[in-house]
1. Looking only at segment A:40-72, count every residue that is open to solvent by 60 Å² or more (accessible area, probe 1.4 Å) and within 7 Å of chain B (Cβ to nearest Cβ) and tell me the total.
2. Which residues, counting only those in segment B:112-135, are farther than 23 Å from A:Asn11 by Cβ, open to solvent by less than 100 Å² (accessible area, probe 1.4 Å) and either touching a residue at least 24 places away in the same chain (Cβ under 8 Å) or of a type in the set (Asp, Glu) (or both)?
3. Can you say whether A:Val105 is among the aliphatic types (A, V, I, L, M) and open to solvent by 60 Å² or more (accessible area, probe 1.4 Å), as far as the supplied structure shows?
4. Applying the selection to segment B:99-111, what residues are assigned to a helix (DSSP H, G or I) and open to solvent by 70 Å² or more (accessible area, probe 1.4 Å)?
5. For segment A:115-144, give me each residue that is more than 7 Å from chain B (Cβ to nearest Cβ), free of Cβ contacts under 8 Å to residues at least 12 places away in the same chain and over 12 Å from the mean Cα position of the chain (by Cα).
6. Which residue is least open to solvent (accessible area, probe 1.4 Å), if the candidates are limited to segment B:84-98 and must be of a type in the set (A, V, I, L, M, F, W, C) and at the interface with chain A (Cβ under 9 Å from one of its Cβ atoms)?
7. Restricting the search to segment B:106-132, which residues are more than 34 Å from the chain's Cα centre (by Cα) and modelled with pLDDT under 85?
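The values are calculated or read from the model by the stated rules, or taken from the named source; none is laboratory data. What you are looking at is a predicted structure, and each value in this text was computed from that prediction instead of being measured. Positions of Cβ are backbone-derived with ideal geometry, glycine not excepted, and every protein chain shown enters the neighbour counts. Only protein heavy atoms, including side chains, enter the accessible area calculation; ligands, DNA and RNA are left aside. Shrake-Rupley method; radii C 1.70, N 1.55, O 1.52, S 1.80 Å.
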Amino acid sequence: MSLIINALTSNAAADFVQNSTAQVLSEGCLKAVGRPTFTLLDKSASEEERKYSATKEFLYQSLSMSAYFLIISPFKQISYKFLKYFKPIKDLDVVKAQTKEEFDVLFKNMSEGIDKTRVRGANEVISILASGVILAMITPQIVNRIIHPIMKKLGIEKKENNFDKTV
Amino acid sequence: MKNTSGIIDKILVRIGSSNDSEIVTASLAAFKLIFIPVATMSDKEVTPKQKSYAIKRDLVTELVALMGYIGITGLIKNNLTAPICSKYYKQKANELAKSGKLDINSDDFKTLVNTDSKLIKKSIKELSLEDSEKEYIKNLQNIAEKFSLHLPQKLYLNTKKTISHICVCTLALTLIPMITNKILEFYSKRKNKPEVQSNIQTLNYAPIKREKMSEYMAKTRLGGLNVLNY
């Protein structure tokens, strides 16, 4: 019990969950396991429907994680350049930084207050928008392209095609 | 224009002050609610039945996720954070007493053991505190500083963030897909109900017809095969 309380109240845990990357990755990994499993257990649909939906869900979640590592993490290195588009903070010195290193130093030296909170918030908003575009708009289109070759290789679609031909 | 700027400012301050898990995940669920079904619709190689089921499932899942992340996470976070903070101080008081750093009969020990979690929550939310309550929180802060424990405000925020994330993970792994299955099952049962009723009606009529036919067959001495075909 004391271990659980220590873990729940620790600074390390709070810092970990405060990070958007950690949030999306941990949630995504659990979804990659949970959602396809429950889809396959759904009794209201036929086997073909369940298999297609479960494969799509698994591929989507796995690709999302890769996309996050490959695109969103590097994107965070340049995300400070977009801060100037937020009207409430556009006049702050930290927003005028030319390099990531300069931005980090200026942000670290900012005194805790409403402006620092705004900059932190703007950074998170950029991260959420980028995640939304990559995870919800681009990744599903990639899944559409690769799902059928993968399903054929796994023998899920092949069976259906043979059945169609015989009928 | 001023209003838009004000709304953006509020969003920045809200997310910047506490970037809880449910904000990120709920925003992503909102994106997915629109764009994933659209992507599934554009898949041309899939059969209509598979496509319809996948779209239905995506929509229900993301809708349940959106409501779950905001509703359930918010509910659990608001009700569990303060009691856990109390438990933390109680546990630390006992540990300090065991190690001999704190006397069981001292006021500090009693304050830590009997921490009023509701007051911590009230002080975090900056609600109007009475003088005695302010004094209590200040005293608790001093004791925490003295024994290098988490300060009440920091402790509350840490716990809230961690609980929020655990909740989101639990929802993502089990509750959301489970609720989605139940909703789809219920929807499927309702959709199939009229067909079942019409089958029952035809079954009710069928035996009467068969009886009449078998009487007729007996009279006309026709073979059993015809009866079966009928």
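1. Number of matching residues: 3.
2. B:Val113, B:Asp116, B:Glu133
3. In short, yes.
4. If the condition is that a residue be assigned to a helix (DSSP H, G or I) and open to solvent by 70 Å² or more (accessible area, probe 1.4 Å), then B:Asp107, B:Lys110 are the ones that fit.
5. Within segment A:115-144, A:Lys116 is the sole residue that qualifies.
6. Per the criteria, the residue is B:Cys85.
7. B:Glu130, B:Asp131, B:Ser132
The rows are residues; the columns are (1) more than 32 Å from the chain's Cα centre (by Cα); (2) under 30 Å from A:Leu40 (Cα atoms); (3) modelled with pLDDT of 90 or more; (4) away from chain A (no Cβ under 14 Å).
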| position | (1), (2), (3), (4) |
| --- | --- |
| B:Ser148 | yes, no, no, no |
| B:Leu151 | no, no, no, no |
| B:Ser164 | no, yes, no, no |
| B:Asn181 | no, yes, yes, no |
| B:Leu203 | yes, no, no, yes |
| B:Tyr230 | yes, no, no, yes |
